[in-house]
Structure formats: C-alpha cells, structure tokens
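Enquirer: Pasting a structure below so you can have a look.
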Amino acid sequence: MHVDGPDGIRGAIAGSFPIGGGYQHFRHPNWAVKFFLDAQQLSLDIAQSGNRADSSPLKSVL
C-alpha cells in the first residue's frame, strides 16, 4: 500500500505483485483498498467476538 507519493496513488494497493505481474499490471484498481479494508474489518470482528459461532459476524451473511 502506498502511504505517500503523488495524489493518484496515495493510499492505493497495486493490482499485482510485483507491480508488473500478470494481473492488473502497473495499475492500482480502485476496489483493491475496499476489499483489503473489508477483510481487515471482518478479521477484527471475528477476533472481538471471541470466535464464538453464535456471535460470528458471518452468521448474518450466511
């Protein structure tokens, strides 16, 4: 994730690793950060619930 630099890539996640890789090469797709933050939030929610099946954040999705 870029935390500094030009406005066009600040806060962006590269579409592939390395940046010239096979998928979304030399690009910073706008949805990459959203999916990354969604995954981080889900991880926090699961950790805070104590990983109990009856209080899992996934229960409402499944």
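The values are calculated or read from the model by the stated rules, or taken from the named source; none is laboratory data. Remember, it's a predicted structure, so these values are computed and weren't measured experimentally. Here Cβ is always computed from backbone atoms with ideal geometry, including for glycine, and neighbour counts include all displayed protein chains.
Enquirer: Out of the stretch 1-27, which residues are modelled with pLDDT of 90 or more and charged (D, E, K, R)?
Expert: Arg27
Enquirer: Let me ask you something else. Residues that are in contact with a Gly (Cβ under 8 Å, 6 or more places away or on another chain) and assigned to a helix (DSSP H, G or I): does the stretch 29-36 have at least one?
Expert: Yes, some residue in the stretch 29-36 is in contact with a Gly (Cβ under 8 Å, 6 or more places away or on another chain) and assigned to a helix (DSSP H, G or I).
Enquirer: Of all residues in the stretch 35-62, count the ones that are under 19 Å from the mean Cα position of the chain (by Cα), at pLDDT 60 or above and either surrounded by 11 or more Cβ atoms within 10 Å (Cβ to Cβ) or under 26 Å from Ala14 (Cα atoms) (or both).
Expert: Within the stretch 35-62, residues that are under 19 Å from the mean Cα position of the chain (by Cα), at pLDDT 60 or above and either surrounded by 11 or more Cβ atoms within 10 Å (Cβ to Cβ) or under 26 Å from Ala14 (Cα atoms) (or both) number 12.
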